[in-house]
1. Tell me which GluC sites (Glu not before Pro) from segment 201-293 have a DSSP coil assignment and no more than 14 other beta carbons within 10 Å of their own.
2. Rounded to the nearest 20 debye, what is the charge dipole size of the chain about its Cα centre when +1 sits on each Lys and Arg Cβ and -1 on each Asp and Glu Cβ?
3. For residue 269 and residue 112 in one chain, what is 0.36 nm times their gap in residues minus the Cα-Cα distance, to one decimal in nm?
4. Among the trypsin sites (Lys or Arg not before Pro) within segment 338-370, which fall in a DSSP loop and have no more than 15 other Cβ atoms within 10 Å of their own Cβ?
5. Evaluate E = 1/(1 + (r/R0)^6) for residue 40 and residue 187, where r is the Cβ-Cβ distance and R0 equals 51 Å; express this FRET efficiency to the nearest 0.05.
6. What does the charge dipole of segment 49-186 about its Cα centre add up to, to the nearest 20 debye, if the Cβ of each Lys and Arg holds +1 and the Cβ of each Asp and Glu holds -1?
7. Under 1.5 on a/c is rounded, so check that first for segment 259-399, then, if it is not, pick prolate when a/b is larger than b/c and oblate when it is not; a ≥ b ≥ c are the square roots of the alpha carbon gyration tensor eigenvalues.
8. For helix 7-32, what angle does its Cα long axis make with the longest principal axis of the chain, in degrees from 0 to 90 and rounded to 10?
Amino acid sequence: MDTPINQSEDSARIQAVINQFLQERLQPKLDKLKEGEDEKRQKLLEAHQPETWIADAARRVGQIQQVTHAIKYTHPDAKGTSLNSQGNPAAGEHLVGTHTLNGSAPSDVVGNAAALDVYKFLRLEVSGKTLLRLASDSAPALAAALSADMEVAQSWMAAFANLTEPKGEPTSHKLAKQLYWPLGSNEYHLLAPLFPTALVHGIYTGIREDRFSEAAKAAREARRNKQPHDQGFREYPNFAIQKFGGTKPQNISQLNSERYGENYLLAAVPPSWKSERISPPLKTDSIFDRWLNRNKRLYQLTKALRGFLVKVQPVNNINIRDKRAELVASIVDEVIQLSAQLRESSPGWSQHEDCRLNPDECYWLDPYRGLDDKEFAAARLKNNWRETIYDRFGNWLNARLNTDKTSMSDVENTEWRSVLKAELGMLREELNYHE
């Protein structure tokens, strides 16, 4: 929370903060001097007198700019425009961008790396406000702290306040990226994407906290020791680091320097599905028999659905229907996955002498047999096998759910079939997809 600054009380406080900043910059330079270098010592002392240093800072501030989107990340020699923007709130919460930070995006600075000390100066805080904020507000307390000459102080504050303003007209550069975005009717926008350094810094800070904070280390240690812990931890698999600026990350931007030139890249690839290959269902008349019943995952899912239906009888509300639909969808998904694995087997496996599957299930589970077996392909196109599979699945699931308390017969069976038909749309879509 900002604390109002009282000019009569806080000018001295601002001066004290400035003097401490200058002393912290000066002392390491004095410590490097050798005995007898009195002339260099005197020059350093003079250069770090408050009004002298601030006057130089007001001159050099024009060499840098506060931004949220920087061009030099595309190429370190790109000379085009960087932007200072908190993002487009119209993008909405379903899109991630600078607007996601809700106005709290950390500011970056680009330009002459030799002038980055000016930005550090302007980031100094007094009573909850930075010197940059005070300069932008033309705060009398800051003016009084900078110089006894109000005209000089006002000119310095105006120079500092311009840090957030763009330098010249917006321009791109031959080393920047450009995209032609079609609008129709042979028209297009020429877009120049810029690196969202402010957003990246927010993500970077969060990931480093997840990886290296003491709390995260303690949680990982507890897991290794199989001990409880009052908080969890996050992992980022297949994580990569992109480097900007080489040995001089400050030449790209201030925040790039604070990130040690690193940008974290998260894996944006589909998961790698790993599962044991399953053997074709030989020596059985239908997979809707012992073959599916032996599947451990299906056993767990049907058991969970059966137990749920028993538990909620005879109540029926939207929460129950939603949970039921979720469990049915999981069962359907598992059957679809198994059928997909069978279709990946060598085409024609259903011609094996030990295969006793009914033709409808052969059409479903061995469709690529038709590439070489034209008679099979023709029969598959003419046969109404999809509806048969659909009904068999329903009968199999009904049998798995049948108990004394959830009898799937008579009126209950009719009702359940209508519910099941509505909730097995995914299976119907899958069957229709594989022509």
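None of the figures in this text is laboratory data; all of them are computed from the coordinates on show. Computed from a prediction, not measured in an experiment: that's the story for all the values here. Neighbour counts are summed over all protein chains in view; Cβ atoms, including those assigned to glycine, are modelled from backbone coordinates with ideal geometry.
1. Those that pass, being in a loop and sparsely packed, are 235, 276.
2. 1080 debye
3. Extra length from residue 269 to residue 112 when fully extended: 52.7 nm.
4. When the trypsin sites (Lys or Arg not before Pro) of segment 338-370 are filtered for loop state and at most 15 Cβ neighbours within 10 Å, 356 remain.
5. It comes to 0.20.
6. Computed charge dipole of segment 49-186: roughly 440 debye.
7. Cα axes put segment 259-399 in the oblate bin.
8. 90 degrees
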